[in-house]
Structures are given as structure tokens and as C-alpha cells.
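Data block below; observations after.
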Amino acid sequence: MKLIIASNNQGKIREYKDIFEPFGFLVLSQAEADINLEVAETGSTFEENAVLKARAIYDMSHCCVISDDSGLEVEALGGEPGLYSARYKGLGTEHERRMAVLKGLEGKDHRNARFVTCICFIDETGAEHIFTGIWNGVIAEKEEGTNGFGYDPIFISEDGNGKTTASMPLSFKETHSHRAKAVKSLIAYLRSR
Ligand code: IMP
């Protein structure tokens, strides 16, 4: 059965191929499926955005589709960067976006934050299945570490021993992160199908 990944991100494509191929899916990237479509992320939640992307591709292909949407929510910033994590305040680099978060929290003790991933799988009947992963933590006082990407240098997870995610080995994220949790639920679902 064909499954299309609603992304052009090579890292995600590799990850989803590894997850789905053992379950007998023929996994195709958007490009391999010849779908040239950039879906506008106009939803007001991660779930809505994940569904929008998957649904648009399902409507074109009538194949199984997988899509996801993730981001960082900081309580004292009213949930920002949230849906705008990848383009927070229109800033061009990850470093600038991290600095904007640190600046927004200057002098604040309340630094609770969480990473969220929402995965949408549309199956062969067109039914949607949603898998959400949440990773709670706090925002550090300054950047630290070089592993990972995005907000990892300023995020200290509740299970991270006080270290930023970017200071931990990559294997830590692979087992503890928001994405790892959402993927774990997806795999449990695939096993139960
Ligand atoms: P995406 O929806 O998975 O592409 O994630 C959107 C944005 O959220 C990324 O560009 C990052 O800024 C941020 N983000 C998502 N997941 C992570 C993570 O695991 N570490 C750091 N930043 C992340």
C-alpha cells in the first residue's frame, strides 16, 4: 500500500520511511509521488495544520498520507512561538529566534515551556488518526550546547537533569522528545491495525 509523506524535509522522510516500511507500506516522498504542493499552514493548532497538509495530499492522491506539525510553546509568552516556531517574529536564523524567546523572558522566573508534535495519518479509507507528543520543560537563562536544532539550546526538559536538550546526546531526544512520544503512539497504532 502506498503512503505519501507530506514533507520535503529529508530528515523527516528518512524517519517516516523507517517507521512505515516494516509495516509493508511503499513509502514515497511528496517529490517521488510527483506532488508539487506547498500547503499553507493556516490552522490555529498544530493538529489543524497537520490535518490540512495531509488532507490536501490525500484529496489529490487518494493514498495513505502522513504529516506532522511541531513547535515550542512558552507559557509566559502566551504560548509563543507556537505555530510560528519556524518563523518566529519573522527572524531569519534559529539563533535570532532563540534570542527573541530569551529576551521575552528577561527577568521572568516563570519559564515553563513545552514542545508539541502532532502527527496526522490518513489511512486508505480517508480516515484521520491523530498522535500527539508533549515534552515539558523550562527555558534556560542562556543558550547552551550544539546538538539538535531549533530551540534545543534553550530548552531544559523535565527529564534532562538541568541540561539543555542541545547539551544531551542525540540519543536522548530519540527516546524522550515530543516527536519520539508521538511516533511511539503511531507505531502502537500501526501494530494494532
Ligand atoms: P516542524 O513542524 O517539525 O517543522 O517544526 C517547526 C519548528 O518548531 C522548527 O523549525 C523548530 O523551530 C521548532 N521545533 C520543532 N521540534 C523541535 C525540536 O525537537 N527541537 C527544537 N526545535 C524544534
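Restricting attention to region 23-48, which residues are without any contact (Cβ under 8 Å) to a residue 24 or more places away in the chain, closer than 22 Å to A182 by Cβ and of a type outside the set (D, E)? Matches in region 23-48: G24, T42.
In region 117-171, the qualifying residues are those that are surrounded by fewer than 16 Cβ atoms within 10 Å (Cβ to Cβ) and small (G, A, S), and the one that is farthest from L77 (Cα to Cα) is G126. Annotation: G71 fulfils all but one of (1) among the small types (G, A, S); (2) open to solvent by less than 30 Å² (accessible area, probe 1.4 Å); (3) more than 17 Å from T132 (Cβ to Cβ); the unmet one is (3).
All conditions in (1) part of a loop (DSSP other than H, G, I, E, B); (2) within 13 Å of the ligand (Cβ to nearest atom) hold for E73, with the sole exception of (1). Only one entry of K17, K53 meets the criterion of being modelled with pLDDT under 95 and surrounded by 12 or more Cβ atoms within 10 Å (Cβ to Cβ), and that entry is K17.
The values are calculated or read from the model by the stated rules, or taken from the named source; none is laboratory data. Every value quoted in this text rests on a predicted model; they were computed, and no experiment measured them. Here the Cβ is made from the backbone with ideal geometry for all residues, glycine too, and neighbour counts use every protein chain on show. For accessibility, only protein heavy atoms count, side chains too; no ligands or nucleic acids. Shrake-Rupley method; radii C 1.70, N 1.55, O 1.52, S 1.80 Å.
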